[in-house]
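Presented below is the structure to which this report refers.
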Amino acid sequence: MRVLVIGGGGREHALCWAIAASPLCDALYCAPGNAGIAAEATCVPIAADDIDSLVAFAKEQAIDFVVVGPEGPLVAGVVDRLKAVGIKAFGPTAAAARLEGSKAFMKDFFARHNIPTAAYGRFTDAAAAKAFIKAKGAPIVVKASGLAAGKGVSVCTTVAEAETAVDEMMTARVFGDAGDEVVIEEFLAGEEVSFFALVDGTHALPLATAQDHKAVGDGDTGPNTGGMGAYSPAPIVDAALGARIMDEIIRPTVRGMAEEGSPFTGVLFAGLMITANGPKTLEFNVRFGDPECQVLMARLKSDILPALVASVDGQLAQFDLRWMDDAAIVVVMAAKGYPGAYQKGTVIDGLDEAADSDGVSVFHAGTASKDGQIIAAGGRVLGIAATGKTVTAAQKRAYRGVDAIVWPEGFCRRDIGWRAVAREKAGS
Ligand code: AMP
Ligand code: GLY
């Protein structure tokens, strides 16, 4: 099988690493890829959102199967375009990708299908949004409805803060069109979990659980990022809670999308808050999480490629995936300044030494090669992953890998996995 992966981050490096290991994969391309992905796949300099060029490339190269990493091209309809020229592609159609592309669509869908979520209002008028905020009081959460690269959510502790968020999104339009409509919702307290299932239109196969760390600083402080690290499994999701999430959230979503004429295929990623009243859906994503994908791929024992193909072919009911009992963790190294402004082009050393440490894999996110050196080319730059019998053991190994990296212009959190480590300490 000739496979093309679309994207160029840590998630796509992990996907390429897993797909390249499949005996079914004869040739692997990645567009645009990065300096690390180049070791697994032939990188093609086409941007992930340049759909015309991606379709043309897939036709020219007789690609049999496309795996789409990021949400942008999914929401823009890359899967529909590839299907129209007879190429199989893993991921939802544009109609099904609305679950991530429009929070307003997603929230109304939850209401139609009784899927547990925070109470909300949706507004295209700033004055009406502010009146709603005043009536509800703080804490309260303001969200841009459209895609905003993970930055369109303000968790506000005061009414004034929430009103400012409305002004920024709707009047100053800091997220452009994405903020023309806002969703304002009830603040939910609890522990967050990332729950993933492969879906083939009618059947959902749960994957391993994970937790990520969205805040930039140790102790979960500072602004939100795309994710500074993750680990799997998430100890809070025991078998009973996993079954409840499948029954109350994942299966009703798969059924509802099919009933509404937009059957979902691909990976459904529910961002959940585990509250005192059970699991509530914060958001859906229609792709693998980044960096959650890195820990899922590190723990997956089965061949990923036939499972991705089965999702497209409607054959998931016959499938089961095997996972290592070991835990996995990934620590993201980012350019200093991220998620604000940061420098590009700084040189990274010690990558071979890090990868040589026991049980460590180095996933590249924002890197490029220049004059035989690896340089930083993005905000999140590397993910140092490791497995171990416990999260505590995996964490030790991952930080040994991190400490082998020589990159003065980079930083990472030093406490990735802290909740699981604290639980393991309390239990031992
Ligand atoms: P989202 O992109 O919708 O998942 O929101 C980003 C982050 O904001 C989530 O990971 C949560 O940490 C936080 N968040 C979103 N919605 C809520 C809510 N209703 N209550 C509390 N925190 C929230
Ligand atoms: N790590 C969260 C995300 O990929 O959206």
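Quick note: the coordinates plus some simple rules give every number you see, no bench work behind them. Owing to the predicted nature of the structure, the values given are computational and were not obtained by experimental measurement. No Cβ is skipped: glycine too gets one built from the backbone with ideal geometry, and neighbour counts run over all protein chains shown.
Mean sequence separation of contacting Cα pairs (under 8 Å, at least six apart), scaled by the length of the chain, corresponds to a relative contact order of 16 percent. Comparing Cα centroids, the stretch 5-36 and the stretch 276-314 end up 16 angstrom apart.
Calculated FRET efficiency, Ala27 to Ala128, Cβ-Cβ distance, R0 = 60 Å: about 0.65 to the nearest 0.05.
Of all the C-alpha pairs in the stretch 223-357, what % are more than 17 Å from each other? Above the 17 Å cut-off, the stretch 223-357 has 72 percent of its Cα pairs. With neighbours defined as other Cβ atoms within 10 Å of a residue's Cβ, the residues Arg299, Arg423 order from fewest to most as Arg423, Arg299.
Rounded to the nearest 0.05, the FRET efficiency derived from the C-beta distance between Arg2 and Asp238 at R0 = 45 Å is 0.65. Ranked from largest, the principal axis spans of the Cα set of the chain equal 58, 47, 44 Å.
Each label point was placed 7 Å from the Cα along the Cα-to-Cβ direction; for Thr346 and Phe319 their separation is 4.0 nm. Counted by Cβ distance under 11 Å from Glu409, the other residues give a net charge of +2, where Lys and Arg count +1 and Asp and Glu count -1. For the stretch 83-217, the relative contact order is 22 percent, taking Cα pairs closer than 8 Å that sit 6 or more residues apart in sequence and dividing their mean separation by the residue count. Cβ-to-Cβ counts within 10 Å put His203, His113, His13 in ascending order as His113, His203, His13, the fewest first.
Among Thr392, Thr275, a tally of other beta-carbon atoms within 10 Å of each Cβ gives an order, fewest to most, of Thr275, Thr392. Net length available on complete extension from Thr202 to Val174 is 6.3 nm, with 0.36 nm assigned per residue and the Cα-Cα distance removed.
Taking a Cβ cut-off of under 12 Å around Tyr399, the surrounding Lys, Arg, Asp and Glu residues balance to a net charge of +3, with basic ones at +1 and acidic ones at -1.
Once backbone amide H atoms are built at 1.01 Å from N, Leu4 has Tyr29, Phe65, Val66, Val67 as its partners under 5 Å, excluding neighbours fewer than 5 places away on the same chain. Between Arg251 and Ser369, the distance separating the two model label sites (each 7 Å from Cα on the Cα→Cβ line) works out to 4.9 nm. Between Phe187 and Ala160, the contour length at 0.36 nm per residue exceeds the alpha carbon distance by 8.2 nm. Pairs over the 23 Å Cα-Cα cut-off, from the set Lys214/Lys336; Lys88/Lys151; Lys107/Lys151; Lys336/Lys370; Lys214/Lys301; Lys103/Lys280: Lys88/Lys151; Lys214/Lys301. Give, as a single signed number, the net charge of other residues whose beta carbon lies under 11 Å from the beta carbon of His113, with Lys and Arg counted +1 and Asp and Glu -1. That works out to -1. Taking label positions 7 Å along the Cα-Cβ direction at both Ala119 and Ala62, the computed distance is 6.1 nm, reported to one decimal. Scaled to the globular estimate 2.2 N^0.38 Å, the Cα spread of the stretch 139-181, given as radius of gyration, is 1.03.
Averaging the Cα positions of each part gives two centres, and for the stretch 356-380 and the stretch 146-187 these lie 34 Å apart.
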